[in-house]
Amino acid sequence: MDRQPNIDAARAFRALQGGDLRAARAHVLRAASREPGRPDVALLEAQILHRCGDGEQACAALERARLAARHDAASQHAVGSLYSLMGFYEQALVAASCAVELDPAQAQYQFNRAALLRFLGRIEEAEAAYDRALELDPNDHEAWLNRSELRRQTLQRNHIPALEALATRRFSHPRSEVFVRYALAKELEDVGRYAESFVHLRAGAALRRRHIDYDLERDLRTVELIIEAFPASRLRALRVAEPVDRPIFVVGLPRSGTTLVERILGSHPEVHSAGELQAFPEALVAAVERLAGRGGLSREDMVSTAAKVDLRAVGADYLARCAKVAAPRPRFVDKLPHNYLYCGLIQEAIPGARIVHLVRHPMASCYAMYKALFRQGYPFSYDLGELARFYAGYRRLMDHWRSQMPNVIHDVRYEDLVRSPREVTEELLAFCGLDWHDGCLEFHANPAPSTTASAAQVRRPLYSSSVDLWQHYRAELAPLEAGLRACGIDPES
């Protein structure tokens with residue numbers, strides 16, 4: 001057999017590892033042309049083409065890999081993982097299900113299939129898949145948490161005894177204990193055992209915080225730098241710009257209702273939910289590094305240089321980056337919560353862009369973040385004192401944007417949305433320039449995938465139980481309340 005394709009594939013892999021995408025692409029295409037039926041080469045081709053931004057060709061290569069490896073569980077698992085990374089969850093589920101059929105005793109395959117079922121809203125099937133994964137590997141502590149989050153636990157049907165037994169054991173890694181503590185806190189809260197719930201939540205959050213390298217002062221300083229770089233005089237001049245309707249940015253703190261509003265908008269026939277796109281920060285960083293002539297800039301240099309770039313060019317780059325994911329419908333939603341950092345830049349880059357900002361009661365907002373175990377990001381959320389100070393910084397920046405750009409940002413208060421969904425949704429659609437559509441109130445029936453922490457909740461009709469949930473923990477959250485007051489925030493505002 002000609003060994004050259006193996007050599008080309010090896011060269012492609014080395015180039016990919018070294019970040020030389022151009023060379024990786026050339027080598028892998030040569031390897032694939034010589035042996036188009038090899039699943040490992042086709043899978044590598046898909047990985048490289050995806051990294052190069054060639055989504056259509058990457059999907060074609062990935063489908064070749066899936067068909068060529070139809071009897072290989074490991075290859076099907078790899079294909080499913082890449083499909084999922086690319087955002088094609090239905091195709092990912094086909095491959096993941098094939099892997100499970102070929103090797104049903106592999107716990108990781110069951111876990112991945114469960115996650116995909118969750119993304120796609122097939123909640124009962126997802127729970128059964130997590131059950132199977134845990135039968136095969138009871139020490140997969142992340143699966144314990146994921147299963148707990150799928151539905152509201154009841155007194156008759158929960159996993160509390162098993163989780164309590166787990167919590168008494170010695171863990172080989174702090175991460176495992178964190179998963180168990182958060183799962184136990186969630187299930188205890190569901191059944192109304194609030195004091196016990198908070199004991200485990202506090203323990204899990206403190207353990208998580210101890211293993212994060214995070215400097216809150218750096219984030220707070222960034223807020224001040226942004227305000228200095230985009231002063232009132234600059235922002236006020238943006239109001240005369242012509243409107244642009246295509247993107248709708250949904251911003252705010254995590255767990256404030258951003259996913260809910262995304263689903264409402266995405267249920268409109270003219271709107272496509274594009275998910276949490278990184279396109280705007282990526283386009284901005286690319287422009288900053290071009291102007292600076294180098295990468296690896298400090299945060300201070302990034303902010304100061306961002307104020308000097310051609311933001312209209314950044315807007316054009318952003319729209320180009322979104323072209324493929326936004327294509328299905330005339331409008332699209334970019335729901336990246338921390339885009340709130342860039343509201344002024346977004347308005348200058350894409351004049352008239354719709355920016356929807358989710359607002360929630362300070363104590364409810366902070367508690368919702370505190371009780372969420374984020375897989376990445378939001379390191380400020382595991383300590384009540386840091387959470388209060390971060391929240392105050394966020395409020396300061398949003399107050400700056402809104403005061404200097406009236407009518408540019410539309411606030412949606414989560415509590416109002418829950419209590420008066422029709423009225424708030426009408427106002428939301430009007431702000432976005434959209435006609436009324438009854439389906440927006442049936443967002444829970446929207447079959448579109450959701451990969452956020454709210455993936456299970458958005459499959460249910462609106463419910464009000466989370467609005468005042470924090471009230472059960474007034475004593476435990478006293479440090480948070482004191483911290484907010486110390487920062488000049490009324491905890492009841």
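Report the accessible area of Y89, computed with a 1.4 Å probe over the heavy atoms of all protein chains in place, in Å² rounded to the nearest 10.
Around 40 Å² of this residue is reachable by solvent.
Provide the per-residue ³J(HN,Hα) series for the range 194-202, in order, calculated from phi with Karplus coefficients 6.51, -1.76, 1.60 and θ = phi - 60°, each as a whole number of Hz, with x at glycine and proline positions.
Result, rounded to whole Hz: 5, 4, 5, 4, 5, 4, 6, 4, 4.
Heavy-atom accessible area per residue, the range 375-422, 1.4 Å probe: how many Å²?
The answer is 43 Å² per residue.
Report the FRET efficiency, 1/(1 + (r/R0)^6), for A323 and L216, where r is their Cβ-Cβ distance and R0 is 45 Å, rounded to 0.05.
Using R0 = 45 Å, I get an efficiency of 0.75.
Accessible area, 1.4 Å probe, largest first: how do Y378, Y370 sort?
Descending accessible area places them as Y378, Y370.
Using the charge dipole of the range 59-169 (Lys, Arg: +1 at Cβ; Asp, Glu: -1 at Cβ; taken about the Cα centre), state which of L102, A61, G87 has its Cα farthest towards the positive end.
G87
Compare the peptides 263-276, 200-213, 182-195 by average per-residue count of other Cβ atoms within 10 angstrom and give them in order, highest first.
263-276, 182-195, 200-213
In percent, what relative contact order does the chain have, based on Cα pairs under 8 Å that are 6 or more apart in sequence?
14
Amide H to amide H under 5 Å from S273: which residues, 5+ apart in sequence or cross-chain, H placed 1.01 Å off N in plane?
Under 5 Å from the amide H of S273: V333.
On average over all directions, what projected area in square nanometres does the range 134-291 have, based on the convex hull of its Cα atoms?
For the Cα atoms of the range 134-291, the hull's average projected area reads 15.4 nm².
Along the Cα→Cβ direction, 7 angstrom out, place labels at A74 and A237. What is the inter-label distance in nm?
Placing both labels 7 Å beyond Cα along the Cβ direction yields 6.1 nm.
Would you calculate, for the chain, the mean residue ellipticity at 222 nm contributed by helices, counting each DSSP H stretch of 4 or more residues as -39,500 (n - 2.57) and dividing by all residues, to the nearest 500?
-18000 deg cm²/dmol
What ³J(HN,Hα) values, in whole Hz, does the Karplus curve 6.51 cos²θ - 1.76 cosθ + 1.60 give for the range 273-279 when θ = phi - 60°, with x put for Gly and Pro?
7, 8, x, 8, 6, 9, 5
Over the chain, one equal point on each Cα, no solvent: what is log10 I(q)/I(0) by the Debye formula at q = 0.11 Å⁻¹?
Evaluating at q = 0.11 Å⁻¹ gives log10 I(q)/I(0) of -1.08.
Figure the gain on full extension for L21 and S33 (residue separation times 0.36 nm, minus the Cα-Cα span) and round it to one decimal in nm.
Length gained, L21 through S33: 2.5 nm.
Classify the range 303-443 from the C-alpha gyration tensor, please: rounded if a/c falls under 1.5, else prolate or oblate depending on whether a/b exceeds b/c.
oblate
Report, by chain and number, residues whose modeled amide H sits under 5 Å from the one on D411, excluding near sequence neighbours (fewer than 5 apart, same chain).
Under 5 Å from the amide H of D411 lie the amide H atoms of H357, each far enough along the sequence or on another chain.
Given +1 on the Cβ of Lys and Arg, -1 on the Cβ of Asp and Glu, and no further charges, what dipole in debye does the range 64-160 carry about its Cα centre, rounded to the nearest 20?
280
Step through the residues of the range 322-327 one at a time and calculate ³J(HN,Hα) from phi using the Karplus curve (6.51 cos²θ - 1.76 cosθ + 1.60, θ = phi - 60°), rounding each to whole Hz and writing x for Gly and Pro.
Using θ = phi - 60°, the values come out as 8, 3, 6, 6, 9, 5 Hz.
Once fully extended, how much extra length lies between D399 and T154, figured as 0.36 nm per residue of separation less the alpha-carbon to alpha-carbon distance?
84.1 nm
Keeping the other protein chains in place, figure out the carbon and sulfur percent of the accessible area of the chain, with a 1.4 Å probe.
50
The values are calculated or read from the model by the stated rules, or taken from the named source; none is laboratory data. What you see is a predicted model; the values in this text were computed from it and never measured. We place every Cβ from the backbone using ideal geometry, glycine too, and count neighbours over all the protein chains shown. The area values use the complete protein model at the heavy-atom level, side chains included, leaving out ligands, DNA and RNA. Shrake-Rupley method; radii C 1.70, N 1.55, O 1.52, S 1.80 Å.
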